[in-house]
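The values are calculated or read from the model by the stated rules, or taken from the named source; none is laboratory data. This one's a predicted model, so the numbers in the text were calculated from it and none came from an experiment. Here the Cβ positions follow ideal geometry from the backbone for every residue, glycine too, while neighbour counts run over all protein chains shown. Areas reflect the complete protein model, heavy atoms only, side chains present, ligands, DNA and RNA absent. Shrake-Rupley method; radii C 1.70, N 1.55, O 1.52, S 1.80 Å.
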Amino acid sequence: KLIEYYNTRQNYQMTLTLATEAVKKHKDNPDIGVQYAIALINNGQYAKSLETLEGMNILPSEGAKLGKVVFEQASLFLAMDLISNKKYKEAISMVEKSKEWPETLGVGKPYDVDIRIQDYLSVFCLEKLNRKSETAVLQKSIIDYTNQQMVSSFSNILAIRLLNEKGDTEAANILIQKMSKSENPIQKWVVATSKKDQTAINNLEKDFTTNTNFLIIKKLFEVTGK
């Protein structure tokens with residue numbers, strides 16, 4: 001409860017202090033271990049978070065899904081740090097790592113997985129490595145998934161951006177129109193961002209400041225310069 005309280009106050013350093021003490025006392029408790037990994041991410045310690053998760057053995061009944069989610073988030077943040085340092089080959093490897101489903105995290109890979117962020121980062125890195133011929137399949141995968149699933153997700157913005165970059169503004173506008181019908185704040189943010197409605201963006205983002213998925217998308221924008 002203390003960890004949850006301090007997270008809502010965005011006091012991430014205090015949360016990490018509490019989580020560190022808790023994990024020392026309860027080394028074999030997977031729930032505390034995952035919370036510790038989350039606290040490390042919130043404090044920018046992505047490599048240590050990943051290392052922590054890789055050293056855990058979570059049973060399916062012990063919050064395994066969250067463990068995989070945090071594993072993916074830590075890997076993606078690390079990949080984007082590598083991109084910031086222009087280490088594109090290493091970044092691709094870390095992106096691939098983020099797509100893994102380690103048995104020790106106790107959750108099996110579902111049939112349908114959303115890897116649009118991974119694909120988008122890979123496209124960016126491949127372009128930087130002058131391997132543009134390898135990007136078409138990845139770009140198509142991002143666009144197709146968005147059209148077929150139409151779920152509320154920050155990642156929807158990636159398909160719209162790709163379509164606009166390709167010059168297919170009609171397809172991009174169709175996607176925007178479909179999302180405009182939703183009252184979901186995440187979809188509203190995607191629409192506002194697509195239309196560059198800064199007032200709406202600012203109002204919506206006030207509620208996303210502690211949403212790690214949102215922070216990943218924002219960092220993606222930052223490191224790709226898009």
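General observations
- Taking the range 123-164 as the range and being more than 24 Å from Lys87 (Cβ to Cβ), in contact (Cβ under 8 Å) with a residue 40 or more places away in the chain and part of a helix (DSSP H, G or I) as the test, the residues that pass are Ile157, Ala159.
- Some residue of the range 146-155 being under 26 Å from Phe208 (Cα atoms), of a type in the set (A, V, I, L, M) and open to solvent by less than 20 Å² (accessible area, probe 1.4 Å): no
Residues checked against (1) in contact with a helix residue (DSSP H, G or I) (Cβ under 6 Å, 6 or more places away or on another chain); (2) under 27 Å from Thr210 (Cα atoms):
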| position | (1), (2) |
| --- | --- |
| Val70 | yes, yes |
| Ala74 | yes, yes |
| Phe77 | yes, yes |
| Asp81 | no, yes |
| Lys87 | no, no |
| Glu103 | no, no |
| Arg116 | yes, yes |
| Leu121 | yes, yes |
| Leu129 | yes, no |
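- Any chance Ile186 is open to solvent by 20 Å² or more (accessible area, probe 1.4 Å) and in a helix (DSSP H, G or I): yes
- The range 73-91: number of residues that are among the acidic types (Asp, Glu) and buried (at least 21 other Cβ atoms within 10 Å of the Cβ): 0
- Residues that are within 17 Å of the chain's Cα centre (by Cα) and of a type in the set (S, T, N, Q) were ranked within the range 92-130; the one that is surrounded by the fewest Cβ atoms within 10 Å (Cβ to Cβ) is Ser93.
- Tally of residues being in contact with a helix residue (DSSP H, G or I) (Cβ under 8 Å, 6 or more places away or on another chain) and either aliphatic (A, V, I, L, M) or surrounded by fewer than 17 Cβ atoms within 10 Å (Cβ to Cβ) (or both) across the range 45-61: 9
- Tally of residues being open to solvent by 60 Å² or more (accessible area, probe 1.4 Å), among the charged types (D, E, K, R) and touching a helix residue (DSSP H, G or I) at 6+ places or on another chain (Cβ under 7 Å) across the range 196-226: 2
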